[in-house]
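The values are calculated or read from the model by the stated rules, or taken from the named source; none is laboratory data. All of these numbers come straight from a predicted model, not from anything done at the bench. Here the Cβ positions follow ideal geometry from the backbone for every residue, glycine too, while neighbour counts run over all protein chains shown. Keep in mind that these areas ignore ligands, DNA and RNA; they rest on the heavy atoms of the full protein, side chains included. Shrake-Rupley method; radii C 1.70, N 1.55, O 1.52, S 1.80 Å.
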Amino acid sequence: MVPYQHVIVGSGLIGCFLGGIIGQSARVALVGRQTWLARLKAGITLTDYTGGEAPFKASEDQCWSTLPERLDHSVIWLTVKNTALAEVLEQLRPVLGSDCLVVCCQNGLGGATLARQYLPDVSVLQAIVGCNVVWDDTHQRLHKATEGAFYLEQLTGITDQQSAALRMVQHRLLTLCVREDIEAVAWAKLQLNLANSINAIVNQPVRTMLLDRGCRQVIAALMDELLAVTAQLPVRLPKLTRVPANWLPFMLRLPDWLFTRLASAMLHIEPDARSSMWWDLQAGRLTEIDYLNGAVTAQGKLAGVDCPLNDSVIALVKSLETSTLVASRRPLDGNTLKFQLHLK
Ligand SMILES: NC(=O)c1ccc[n+]([C@@H]2O[C@H](COP(=O)([O-])OP(=O)(O)OC[C@H]3O[C@@H](n4cnc5c(N)ncnc54)[C@H](OP(=O)(O)O)[C@@H]3O)[C@@H](O)[C@H]2O)c1
């Protein structure tokens, strides 16, 4: 039996981490930008916060700057951001031949649905990356900085060989967790991702932001709106962190002295780590705001639940996306942000 070929499309932080994991035990090719391909060819180390590590070096013929004319018998791991998804699906449509599986790894809601619209004859699975991955340029390492598994949709009707190919992401550095309730997992991850927009707006490291009760109160209020939406849906949020999803807003609102004691695990992050939305703003790129907070408000409209705070945060992020002064703006504290958002 010919083994499946693995192809990572959009080899950035998540794509190179997954590619490096899969490359430990299977044949993988990586489609991406020259900067990342050069790093992969020179050799990188995958590491995690527990001290685990695994080297990965790609050969010239594993690094593709464009898609080939045809892909058969392949698992396509789609790891571009939501903002590039439609364009990449358009490129993939004429390329995918027989017996391909596509795994959508975007945060937020709707990535896999969009892929199914573009690729109606292909098996599409949704995945949620539960951990954060950062690039350490000094040591040329891709570092899994937080706990969190790789959640993969359980698909019925796939062959044993396809199922074995998908299990290639299981590694001591990354736990594979196959879920029947992937939509609920996506919502639970989305709840955590609501902090990304606040991190981008306040222009502070994530840890500094979490130590500011005003910022935590804004994040908690964003989460309240999401929980009001999910309460109207047949979705039971799974517990992705040590604290159950419904308790997170309460936890975030605790006074500093209690929060730092009870939520110390949340604060175990590199002191200068920032959210990817912050990095996108600094680089003048469009952010994933429409697919994160925007997904909450869109689903809220369908469910008849207003999400005014998420609406205001979306407007703020969009104004920053088009601001020429974004890279030089001053940090904001939580109370000023609350004032700007009319939050008591
Ligand atoms: N990073 C994390 O810790 C993390 C954790 C969980 C989930 N996620 C989610 O995972 C997804 C990917 O995030 P990421 O952080 O890995 O993003 P990323 O580092 O920006 O990686 C995506 C890469 O794909 C490239 N790309 C875009 N269009 C392409 C095309 N047509 N062909 C080839 N390459 C293309 C991008 O290049 P350009 O920059 O030039 O566009 C970028 O290098 C997002 O939805 C994110 O929310 C990320």
Conditions first: (1) open to solvent by less than 20 Å² (accessible area, probe 1.4 Å); (2) near the ligand (Cβ under 9 Å from one of its atoms). GLU87 passes all but one, so which condition is the exception? (1)
Within segment 1-40, track down each residue that is open to solvent by 10 Å² or more (accessible area, probe 1.4 Å), under 21 Å from the mean Cα position of the chain (by Cα) and hydrophobic (A, V, I, L, M, F, W, C). LEU13, ILE14, VAL31, TRP36
Go over the candidates ALA221, ALA263, ALA273 one by one and state the one that is at pLDDT below 95, in contact with a Leu (Cβ under 9 Å, 6 or more places away or on another chain) and among the small types (Gly, Ala, Ser). ALA263
Condition set closer than 22 Å to ALA127 by Cβ and assigned to a strand (DSSP E or B), scope segment 57-71, selection most open to solvent (accessible area, probe 1.4 Å): answer is TRP64
Taking LEU190 as the residue in question, decide whether it is within 16 Å of the ligand (Cβ to nearest atom), surrounded by fewer than 18 Cβ atoms within 10 Å (Cβ to Cβ) and modelled with pLDDT of 95 or more. no
Within segment 235-344, considering only helices (runs of 4 or more DSSP H) that don't extend past its boundaries, which have at least 3 residues that are closer than 26 Å to ILE128 by Cα? 248-253, 276-282, 293-303, 308-321
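For the structure I just gave you, tell me whether GLY43 is surrounded by 24 or more Cβ atoms within 10 Å (Cβ to Cβ), touching a residue at least 12 places away in the same chain (Cβ under 8 Å) and more than 10 Å from the ligand (Cβ to nearest atom).
Numbers: surrounded by 24 or more Cβ atoms within 10 Å (Cβ to Cβ): no; touching a residue at least 12 places away in the same chain (Cβ under 8 Å): yes; more than 10 Å from the ligand (Cβ to nearest atom): yes.
Spelling it out, it is not the case that GLY43 is surrounded by 24 or more Cβ atoms within 10 Å (Cβ to Cβ), touching a residue at least 12 places away in the same chain (Cβ under 8 Å) and more than 10 Å from the ligand (Cβ to nearest atom).
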Quick one: count up the residues across segment 125-182 that are open to solvent by less than 50 Å² (accessible area, probe 1.4 Å), among the β-branched types (Val, Ile, Thr) and more than 15 Å from the ligand (Cβ to nearest atom). 1
For the structure I just gave you, tell me whether ALA273 is within 13 Å of the ligand (Cβ to nearest atom) and open to solvent by less than 50 Å² (accessible area, probe 1.4 Å). yes
Of ALA54, ALA112, which residue is surrounded by 14 or more Cβ atoms within 10 Å (Cβ to Cβ), over 21 Å from the mean Cα position of the chain (by Cα), under 26 Å from ALA149 (Cα atoms) and in contact (Cβ under 8 Å) with a residue 24 or more places away in the chain? ALA54
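Go through segment 208-235 and give me each residue that's among the small types (Gly, Ala, Ser) and out of contact with any helix residue (DSSP H, G or I) (no Cβ under 7 Å at 6 or more places or on another chain). Break it down into steps so the answer makes sense when it comes.
Of the residues in segment 208-235, the ones among the small types (Gly, Ala, Ser) are 214, 220-221, 228, 231.
Result: ALA228, ALA231.
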The conditions are (1) open to solvent by 10 Å² or more (accessible area, probe 1.4 Å); (2) more than 8 Å from the ligand (Cβ to nearest atom), and SER74 fails exactly one of them. Which is it? (1)
Single condition GLY97 does not satisfy, out of (1) exposed (fewer than 14 other Cβ atoms within 10 Å of the Cβ); (2) within 14 Å of the ligand (Cβ to nearest atom): (2)
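Checking the condition over 14 Å from ARG274 (Cα atoms) and within 21 Å of the chain's Cα centre (by Cα), which residue from ALA195, ALA228, ALA245 passes?
Details: ALA195 fails: over 14 Å from ARG274 (Cα atoms); ALA228 fails: within 21 Å of the chain's Cα centre (by Cα).
Answer to the check: ALA245.
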Restricting to segment 15-36, and then to whatever is of a type in the set (A, V, I, L, M) and within 11 Å of VAL169 (Cβ to Cβ), can you tell me which residue is nearest to the ligand (Cβ to nearest atom)? LEU18
Before we move on, is LEU343 open to solvent by 80 Å² or more (accessible area, probe 1.4 Å) and hydrophobic (A, V, I, L, M, F, W, C)? no
Read through the list (1) farther than 27 Å from VAL305 by Cβ; (2) surrounded by fewer than 21 Cβ atoms within 10 Å (Cβ to Cβ), then give the number of the only condition that VAL206 fails. (2)
When VAL103 is evaluated against the numbered criteria (1) open to solvent by less than 10 Å² (accessible area, probe 1.4 Å); (2) assigned to a helix (DSSP H, G or I), which criterion, by number, is the only one it fails? (2)
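How many residues does segment 281-293 hold that are on the phi < 0 side of the Ramachandran plot, in contact with an Asp or Glu (Cβ under 9 Å, 6 or more places away or on another chain) and surrounded by fewer than 21 Cβ atoms within 10 Å (Cβ to Cβ)?
Going residue by residue through segment 281-293, those that are on the phi < 0 side of the Ramachandran plot are 281-283, 285-293.
Cutting the leftovers down to in contact with an Asp or Glu (Cβ under 9 Å, 6 or more places away or on another chain) gives us 281, 285-289, 293.
Narrowing the set further to residues that are surrounded by fewer than 21 Cβ atoms within 10 Å (Cβ to Cβ) leaves 285-286.
So the answer is 2.
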